[in-house]
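The values are calculated or read from the model by the stated rules, or taken from the named source; none is laboratory data. Nothing here was measured: the structure is a model prediction, and the numbers come from that model. Reconstructed Cβ throughout: ideal geometry from the backbone, glycine too, with neighbour counts over all protein chains shown. These accessible areas exclude ligands, DNA and RNA; they are computed on the full protein's heavy atoms, side chains included. Shrake-Rupley method; radii C 1.70, N 1.55, O 1.52, S 1.80 Å.
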Amino acid sequence: MCGIVGYIGPQDATPIILDGLRRLEYRGYDSAGIAVLEGDKIEIRRDEGKLDKLIALVDEEPLHGQIGIGHTRWATHGEPSARNAHPHVGTSGTVVLAHNGIVENYQELREELSAEGVEFNSDTDTEVIVQLVDRYLSLEMSFVEAAQKTLSHLKGAHGVVLFSTKETDKIVTARIGNAGGVVVGFGEGEMFIASDMPAILEHTRQMVFLESGQIGVVQQDGLQVLTLDGKPVSYNKQTVPWDPVAAEKGEYRHFMHKEMHEQVRSLTDTIAGRVDFDNGRVFLPQLNLAPPVAQRINKMFITACGTASHAGMVGKTLIEHIARLPVEVDIASEFRYRNPILDENSAVLAISQSGETADTLAAMEEAKQKNAILWSIVNVIGSQAMRISDGYISMQTGPEIGVASTKAYTAPLVDLYMLAILLADLRGTLESNERRALVADLRLIPDLAGRCLDREAEVQEIAWELKDFSHCLYLGRGINMPTAYEGALKLKEISYIHAEGYPAGEMKHGPIALIDEDMPIVVIAPRDPWYGKMFSQIEQAKARGGIVIAVATEGDEVIPTIADHVLWVPPTPWMLSPVTTVIPLQLLAYHIAALRGLDVDQPRNLAKSVTVE
Ligand code: AGP
């Protein structure tokens, strides 16, 4: 997903923009650029490759000014190259623009503009936007009107930022649909724009998140928000609770490593203020869940992508077991197109760390159109998913920068556990002593996670054993079947080893054919209700020469006699066991990827939030 940064104020824009782009690197990109108004001229530096290359270019040919925009590009139309890197300037040289998203009707617009004599300088869809603004500026429209007129032509989802030599007191920005956010930061006599908060957190925590269909006119002393047809709209400034340090690596080599070790804190924070241990109750006030609503819901649909969908699978077991409410889990990219059977008694719960994932947002829109009750579990304050929900649960993990999600996987597991208890409490499906016992178990979780992390050195040793394999099978059952899926996703997305999560009971229906000495198998076998069923999986794998790495509960004396390696976890209440069983798998994937010398935080082809279909 592309990154956008803008600045207008008394300082030199160049270092502010470059530093902001640096803080967006985790989003994944293949080229970068910056444009600054120097005197009355637009200066641009841009190139394919990483930010260091752009910084070297700027060092060679400095550019300075008090208004500027920057961009990191994740190529969609046109290969990564200097000519396709943003920002793009119009033919007249009076307007420059950076863009996040896809212009779905760019061919038609390109042909229309070419027929008018416009010569394109790139293969991008983005260039049609800046050439349209150029056209309208030449018709003597104001800069804002030219931008409005242009945006009305565009199909698809967009985040844009642009400035012009014709009106040098403003930057225009806009958001259409869900191509990632646009956030405007308020400084003292200066203003900041970004596609994501970490880019500007060190300058301000006063922020406004543009809604879809809004234009922001950003001047040194403030912001005006308009609809696409020019009507002023009010907005509320939010104070973001994240501090700049949280978005830094600190002494860690990778954000992912830091974030795995933050799980004791993030799990503490996700419970904090939501549990009355004395009376055995949980509170999720942002969900806006009244008893009559809880009682009339007859089915829940959990929808998400990737890691978040694995959390949803655990949520199904928790909510069905504790609240006795039927739950269906749907990958968002399927849910949005399968015409799901929903009505006002359906609850749709979307899970999304970024709150900006296009497929998940589209699934949420589907739910709204069918009058379902719409909730979300999200991490990014002010994200689109949070804003369009009837109620939400904040993951409260602080910024998660590493592309491979870790703390934003374990936090929603606890959120789902608390949601199940709350639903059961409001629906009267839980005796108070049962409820008290379930609530009491929450107190254990941060320490249990810490004990898993304390065993990192043991995991590193096993990583050495596995780092050169090309395939790996993960098997789990029941509440830990999703743990197998999540463990496999972690390994494949950062180490590029082909890994597959599978229901353990399904192994004999096919995957067992894969097993030989070149196919290590990770078997998740903690002391949960499915424990007794895991022995045969391990023995079947061993009988075929497979190397078995078992996740087992401390004190287990059987598993070590049949598995080649053991990843120990502390005794954990089974309904919370996916929180502990996943941590050694996170660590295993991380250390294998690190041993393979790979870019753990920015794996190839991946982005932190996938805002395109
Ligand atoms: C997680 O490790 C992956 N990077 C990816 O599957 C991610 O979980 C998915 O894209 C959903 O992102 P979201 O939670 O921000 O919606």
Number of positions in the stretch 201-216 that are among the aliphatic types (A, V, I, L, M) and within 13 Å of Thr239 (Cα to Cα): 3
Matching option when the condition is touching a helix residue (DSSP H, G or I) at 6+ places or on another chain (Cβ under 7 Å) and in contact (Cβ under 8 Å) with a residue 60 or more places away in the chain, among Thr91, Thr72, Thr14: Thr72
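May I ask you to say which residue of Arg451, Arg436, Arg427 is basic (Lys, Arg), more than 22 Å from Glu320 (Cβ to Cβ) and open to solvent by 10 Å² or more (accessible area, probe 1.4 Å)?
The unique qualifying residue is Arg451.
Here's the yes/no breakdown for (1) polar (S, T, N, Q); (2) touching a strand residue (DSSP E or B) at 6+ places or on another chain (Cβ under 6 Å); (3) open to solvent by 20 Å² or more (accessible area, probe 1.4 Å); (4) within 28 Å of Arg604 (Cβ to Cβ):
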site: Ala75; (1), (2), (3), (4): no, no, yes, yes
site: Gly78; (1), (2), (3), (4): no, no, yes, yes
site: His86; (1), (2), (3), (4): no, yes, no, yes
site: Thr91; (1), (2), (3), (4): yes, no, yes, no
site: Val96; (1), (2), (3), (4): no, yes, no, no
site: His99; (1), (2), (3), (4): no, yes, no, yes
site: Ile102; (1), (2), (3), (4): no, no, yes, yes
site: Asn105; (1), (2), (3), (4): yes, no, no, no
site: Leu113; (1), (2), (3), (4): no, no, no, no
Qualifying positions in the stretch 547-570 - farther than 21 Å from Ile494 by Cα and touching a residue at least 60 places away in the same chain (Cβ under 8 Å): Ile547, His565, Trp568, Val569, Pro570
Test for Ala13: is it open to solvent by less than 10 Å² (accessible area, probe 1.4 Å) and more than 25 Å from Thr76 (Cβ to Cβ): yes
Residue count, the stretch 355-372 (criterion: more than 9 Å from the ligand (Cβ to nearest atom) and open to solvent by 20 Å² or more (accessible area, probe 1.4 Å)): 7
Residue in the stretch 194-206 that is in contact with a Ser or Thr (Cβ under 8 Å, 6 or more places away or on another chain) and in a strand (DSSP E or B) present: yes
Condition broken by Ser122, with the remaining ones in (1) of a type in the set (Gly, Ala, Ser); (2) under 27 Å from Pro80 (Cβ atoms); (3) crowded, with 21+ Cβ neighbours inside 10 Å satisfied: (3)
Residues that are over 17 Å from Leu97 (Cα atoms) and buried (at least 17 other Cβ atoms within 10 Å of the Cβ), drawn from the stretch 28-47: Gly28, Tyr29, Asp30
Candidates Gly189, Gly117, Gly180, filtered to the one that is under 25 Å from Gly382 (Cβ atoms), in a loop (DSSP other than H, G, I, E, B) and more than 27 Å from the chain's Cα centre (by Cα): Gly189
Sole exception among (1) within 16 Å of the ligand (Cβ to nearest atom); (2) over 28 Å from Gly187 (Cβ atoms) for Phe255, by number: (2)
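Quick check on His321: is it touching a residue at least 60 places away in the same chain (Cβ under 8 Å), within 13 Å of the ligand (Cβ to nearest atom) and within 23 Å of Ile479 (Cα to Cα)? Outline the logic, then answer.
Working: touching a residue at least 60 places away in the same chain (Cβ under 8 Å): yes; within 13 Å of the ligand (Cβ to nearest atom): no; within 23 Å of Ile479 (Cα to Cα): yes.
No: the conditions fail for His321.
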Residues satisfying the stated conditions in the stretch 539-558, i.e. modelled with pLDDT under 95 and open to solvent by less than 10 Å² (accessible area, probe 1.4 Å): Ala541, Gly546
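Looking only at the stretch 593-613, filter to residues that are at pLDDT 90 or above and open to solvent by 30 Å² or more (accessible area, probe 1.4 Å); which one of those is nearest to the ligand (Cβ to nearest atom)? Walk me through how you get there before you give the answer.
Step one: of the stretch 593-613, the residues at pLDDT 90 or above are 593-598, 600.
When the remaining residues are screened for being open to solvent by 30 Å² or more (accessible area, probe 1.4 Å), the result is 595-598.
Numbers: Leu595: 19, Arg596: 17, Gly597: 20, Leu598: 14 Å.
That would be Leu598.
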Residue that is nearest to the ligand (Cβ to nearest atom) [pool: residues in the stretch 294-313 that are assigned to a helix (DSSP H, G or I) and surrounded by fewer than 22 Cβ atoms within 10 Å (Cβ to Cβ)]: Met313
Given (1) farther than 23 Å from Ala411 by Cβ; (2) open to solvent by 40 Å² or more (accessible area, probe 1.4 Å); (3) touching a residue at least 24 places away in the same chain (Cβ under 8 Å), index of the condition Tyr337 fails: (3)
Selection within the stretch 373-416 - open to solvent by 10 Å² or more (accessible area, probe 1.4 Å), away from the ligand (no atom under 13 Å from the Cβ) and either assigned to a loop (DSSP other than H, G, I, E, B) or of a type in the set (A, V, I, L, M) (or both): Ile373, Ile381, Ile388, Ser389, Asp390, Gln396, Gly398
Any hit, the stretch 336-354, residues being under 25 Å from Val439 (Cβ atoms), within 16 Å of the ligand (Cβ to nearest atom) and among the small types (Gly, Ala, Ser): no
